[in-house]
1. How far is it, in nm, from the label point at Glu795 to the one at Ala318 when both lie 7 Å from their Cα along the line to the Cβ?
2. So, for the stretch 169-311, what is the accessible surface per residue at a probe of 1.4 Å, expressed in square angstrom?
3. Principal axis extents for the stretch 447-516, Cα atoms only, whole Å, descending order, please.
4. Please give the contour-minus-distance gain from Ser90 to Asp684: 0.36 nm per residue of separation, less the Cα-Cα distance, rounded to one decimal in nm.
5. Send over the per residue convex hull volume for the stretch 293-338, Cα only, as a whole number of Å³.
6. Mind putting together the pair-distance distribution for the chain? All Cα pairs, 20 Å bins, whole percent per bin, short to long.
7. So between Asn756 and Ile180, what do we pick up on full extension, going 0.36 nm a residue minus the alpha carbon distance?
8. May I ask you to derive the relative contact order of the stretch 550-617, considering only C-alpha pairs under 8 Å and at least 6 residues apart, and to give it as an integer percent?
Amino acid sequence: MNKHTRTCIFLGTMTLAVVSLLRGGTELPINPRLLKYTWPAQWVAHAAGPYRDFGVFHFRKAFDLGRVPKSFVIHVSADNRYRLFVNGASVSIGPARSDLDHYRFETVDIAPQLKPGRNVLAAVVWNFGIYAPMAQHTYRTGFVLQGDGEAEQVVNTDGNSGWKSILDPAYEPIPMTHDIIPYFYVVGPGERIDATRYPWGWEQSEFDDSQWAPVALIGDAQPMELFQWNMTRWLMTPRPIPPMEETLERLDRVIRSSGVNADSSFLHGGAAFTVPANTRAVVLVDRGHLTNAYPELVISGGKGAQITLTYAESLRDAQGRKGNRNETEGKTIRGNFDVFLLDGSRRTFRTLFWRTFRYLQFDIETQGAPVTLEDFRAYFSAYPVDRKATFESPDAELAKILEIGWRTHRLCQNETYFDTPQYEQLAYAGDGRLEALITLTNMWDDRIVRNHIEQFWYSARPEGLIQDRYPSREPQYIPSYGLDWVRTLHDYYMYRDDPEFLRKFLPVSRSILDWYARRLDGKHLLHRLSWTDEQYDGPQDFAENGPEARNQLEFILALQDAQELESALGSAAVAERYGSLVPLLKEAAVKAFWLPDKGLLARNRDRKDFDQHSNVLGVLSEVIPPAYWKSAVQYTTEHFSELPRVEQEKSGFFFYYFRHEAMEKAGLGDNFLKVLDPWRRQMDAGFTTWGESDVLELRSDSHDWSSAPNVQVFTLLCGIRPAAPGYRKVVIRPHLNGLPWVRAKVPHPQGEINLNLKAIGGGIKAEVTLPETVSGWFEWQDQRVPLRGGRQEVEF
């Protein structure tokens, strides 16, 4: 079929389908033909390349309108990434990260930016080549823009459309090598931008692009559902999440300066400052807390000068220690950086992608002319949220813990969940389970949870496992993270009534659990498997890998969740098989690991030592006899320093969520506030987000797996949990932890749950409001009373 024929067929069927991008909210139209057939638009590129190496490109298209339509819907994507402007206004950035088999495109209504007469679409497209972030799947440099309906076909990228392009010679990558950042760092390069070579004003409608070259065709744009031979490799799918927030924010203060007199008013949009000619000046500033933001610097003059912006979570002393994050005396900055080379004119510099920083340093070197720094501003970027959950109590310290935890979650909730925005920007299935629970507990919007689940479904291997981080160009496998993904399916099953969404994932869930089942020996014990940051030579089930008890117990917990999913949504036979396997695994675990004289589970079958992980999971899976639950949790918490060193290094924030759940199960829920000392220590040390682990000297100061309190003040302290799939029933089982009162509100698919609790002597008084269609029960100690929809009071 030739191009002309394909276009005619497409234009013959223009009925719109509506693809909901916000369940229960905003809907954007997508022509159904675009989801089933080859697009009339084609992928294009700059004819002279480069095609797979580093390059920054600009694309432009002018078109005329007699009048401005009510809507003008387009679909756009690029490899690696793009930002699209309409008549100089930024309207879209993307594509949302995924893989080549599910390559995202954005849908945008650009009618508000259009005007009668001449209009210009302009896009910057960049390919970071070998320096691209690890989370960025890439095939080659490309750009595609497709109009949704017949009127919008005028803007399609194709050979006769009038789209033009140039390679921008102003950009060079700055690789972040190990001597610059001595950690695992995979978020992309710094940018060196030479103002003398930059095509200033290229995105504005009046810019002269007469010397630009026509775009070169790469090949067809094709939806993923078509599943046919495609030379361009990208299989297109709609973006399932909203555009990221971009909000102006200001930095707090200038810490110190040399070679120039700079004060904090510069950061607030006030007084500019000038660096004289032939001067080296340094200005160190503090945002006040960690942020993700596009830096934007406005300068004038300074021909031949160079300005370097360096970003860091924390400053370091002469020994390389971070120490208290608020203390700056005697400390210096070390981190990723960008370089701007000035041409003497008034310019605004902005990086292509945002940066993570609390501290930022300007290193300014002038030549024969002074330079004036007129303004510096930043545009915060993260997943947009309409937070519905609230929690109040008289405990100001707890409020601060929750504030820091929510900031951590915001910085790690982007186009995917992140482990750390500063160093990796990778979504991990293990981290993601807790991140999804934070989202489901605090927000109405579940799109990022659904996206998280789907991304790991895409990563499934025929051998049975999913990747532990995805999207990622470099595969990595932590087997237990597959179990965490299975359990995330069950969490979503409890919080949302969405069986059709979940049902499609059951075959991969079965594959993961079958992978584990194949590694059982004749005694129903798992081989040792590597876990998280334990590094071993040899295959995942190599005989010397470990630990054993934890693997067995995590397998049991995942099987129990999967059994419930299969019973409700899948195969009764599979559910029965899981149900029959669980008691055999429990019995094997007791025989291999249980130490009745200590009342604890051993870490491995050699029974030489024990750990917090195995005993916490032993309580949650009910492998440990109920009479020992309390003592097992208490011992491995209170005597943590006596545990094997390997245990102390690998416990911490990631696992504390499960520790707290075991405490509640063992009847120790009123000890929750007592075990928050790791968060208090980091708070006292000036952390503004929670660190990667329960120590003060660490790589990452921002790790979302450390934000367990932002779930558990609602689920454990207030005790609000789903008691039936889809949150159709609610259980409220509070643990006031000595607080005289608390007030909370949490989102629910049918509305919201409001709870006011007040301690009365040794009892409690509660005011509970449930959505009208929801029922449940309230538990206090050994007593239970039913709850109905609407407002009610309960007293014990």
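1. Roughly 6.7 nm, to one decimal.
2. Here the residues of the stretch 169-311 average 43 Å² of exposed surface.
3. 33, 25, 17
4. Once the chain is fully extended between Ser90 and Asp684, it gains 209.8 nm.
5. 120
6. Going out from 0 Å in 20 Å bins, the chain shows 15, 44, 33, 8, 0 percent.
7. Stretched out fully, the Asn756 to Ile180 stretch lengthens by 202.2 nm.
8. It comes to 28 percent, rounded to a whole number.
The values are calculated or read from the model by the stated rules, or taken from the named source; none is laboratory data. What you see is a predicted model, and the numbers here were worked out from it, not measured in a lab. Cβ coordinates were reconstructed from backbone atoms using ideal geometry, including for glycine residues, and neighbour counts include every protein chain displayed. Heavy atoms of the whole protein, side chains included, go into the accessibility calculation; ligands, DNA and RNA do not. Shrake-Rupley method; radii C 1.70, N 1.55, O 1.52, S 1.80 Å.
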